[in-house]
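**Student:** Please see the structure below; I have some questions.
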Amino acid sequence: MLSEKMTSTLNKQINMELYSSYIYMAMSEYFQANNLKGFANWMNVQAGEELSHANKIRHYLNEQGARVVLSEVGAPPKEWDSPLAAFEAALGHEKKVTASIKELVTLAKEEKDYATEIMLGWFVSEQVEEESSADEIVQKLRMIKDSAHGLFMMDSFLGQRK
């Protein structure tokens, strides 16, 4: 059985994952409005992944007989100064999510909640991938700078994500 503190903290993580999905949807719409459909596709796929993360925690709480309590999801930004700025924001957001997951792991260890610690191990690995993926795109966008050709190539590349 999960402690009240663990249940509350996991519910907060659900909210963070839902906000992550929401912000990536907003980024997708930003790119769509700027005719960068490949960038929009990448963000849309990311939004779906984040929603699946929230659902993974929801299902875990339900399996543990704990109550899922959904809370308000704040409105994300609508605009970014550039594709690079959007991906830098995405990377920064992923770092916040990573920090939150680490706090959950610390709590699980303190409470000797081995089942939750094991479940969270998946999220720890996932966050390594999430940060790496966003950082790789940030680095590539920094390399291409203001090159329209480079941006077109990145758009085509990002459009291949499924």
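The values are calculated or read from the model by the stated rules, or taken from the named source; none is laboratory data. Just so it is clear, the model here is predicted, and its values are computed rather than measured. FYI the Cβ positions are ideal-geometry reconstructions off the backbone, even for glycines, and counts take in every protein chain you see.
**Student:** List the residue pairs whose Cβ atoms are under 8 Å apart, where the first residue sits in region 135-162 and is without any contact (Cβ under 8 Å) to a residue 40 or more places away in the chain and among the small types (Gly, Ala, Ser), the second is in a helix (DSSP H, G or I) and surrounded by 14 or more Cβ atoms within 10 Å (Cβ to Cβ), and the two are 6 or more positions apart or on different chains.
**Tutor:** Here the result reads Gly150/Ile144, each pair linking region 135-162 to a residue that is in a helix (DSSP H, G or I) and surrounded by 14 or more Cβ atoms within 10 Å (Cβ to Cβ).
**Student:** Can you give me the number of residues within region 56-94 that are of a type outside the set (Phe, Trp, Tyr) and farther than 30 Å from Asn35 by Cα? Working first, answer last.
**Tutor:** Taking region 56-94 as the starting set, the residues that turn out to be of a type outside the set (Phe, Trp, Tyr) are 56-59, 61-79, 81-86, 88-94.
The next check asks that each one be farther than 30 Å from Asn35 by Cα; those that pass are 56-59, 61-72.
Total satisfying the criteria: 16.
**Student:** Select from region 119-161 the residues that are aliphatic (A, V, I, L, M) and over 20 Å from the mean Cα position of the chain (by Cα) and write down the one among them that is surrounded by the fewest Cβ atoms within 10 Å (Cβ to Cβ). Walk me through how you get there before you give the answer.
**Tutor:** Taking region 119-161 first, the residues aliphatic (A, V, I, L, M) are 119-120, 124, 128, 134, 137-138, 141, 143-144, 148, 151, 153-154, 158.
Within this subset, residues satisfying the condition of being over 20 Å from the mean Cα position of the chain (by Cα) are 143-144, 148, 151, 153-154.
On the way: Met143: 10, Ile144: 16, Ala148: 8, Leu151: 19, Met153: 14, Met154: 22.
The qualifying residue surrounded by the fewest Cβ atoms within 10 Å (Cβ to Cβ) is Ala148.
**Student:** Determine which member of the set His93, His59 is modelled with pLDDT of 95 or more, assigned to a helix (DSSP H, G or I) and either touching a Gly at 6+ places or on another chain (Cβ under 8 Å) or more than 23 Å from Leu141 (Cα to Cα) (or both). Can you show your working first?
**Tutor:** Working: His93 fails: either touching a Gly at 6+ places or on another chain (Cβ under 8 Å) or more than 23 Å from Leu141 (Cα to Cα) (or both).
His59 is the lone residue from the list that is modelled with pLDDT of 95 or more, assigned to a helix (DSSP H, G or I) and either touching a Gly at 6+ places or on another chain (Cβ under 8 Å) or more than 23 Å from Leu141 (Cα to Cα) (or both).
**Student:** Look at region 92-104 and say how many of its residues are surrounded by 18 or more Cβ atoms within 10 Å (Cβ to Cβ) and more than 11 Å from Gln13 (Cα to Cα).
**Tutor:** 2
**Student:** Also, I was wondering about something else. What are the residues in region 139-162 that are of a type in the set (A, V, I, L, M) and within 15 Å of Ala86 (Cβ to Cβ), if any? Walk me through how you get there before you give the answer.
**Tutor:** Residues of region 139-162 of a type in the set (A, V, I, L, M): 141, 143-144, 148, 151, 153-154, 158.
Correct list: Leu141, Ile144, Leu151, Met154, Leu158.
**Student:** Looking at (1) over 22 Å from Ser100 (Cα atoms); (2) of a type outside the set (A, V, I, L, M, F, W, C); (3) under 17 Å from the mean Cα position of the chain (by Cα), which is the only condition Lys12 fails?
**Tutor:** Only one criterion is unmet by Lys12, namely (1).
**Student:** Can you name every residue in region 70-84 that is free of Cβ contacts under 8 Å to residues at least 60 places away in the same chain and under 14 Å from Lys12 (Cα atoms)?
**Tutor:** Leu70, Glu72, Val73, Gly74
Residue-wise test of (1) over 13 Å from the mean Cα position of the chain (by Cα); (2) more than 25 Å from Glu129 (Cα to Cα); (3) surrounded by 17 or more Cβ atoms within 10 Å (Cβ to Cβ).
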| position | (1), (2), (3) |
| --- | --- |
| Glu17 | no, no, yes |
| Phe31 | yes, no, yes |
| Lys37 | yes, no, no |
| Asn44 | no, no, yes |
| Ala54 | no, no, yes |
| Ala89 | no, no, yes |
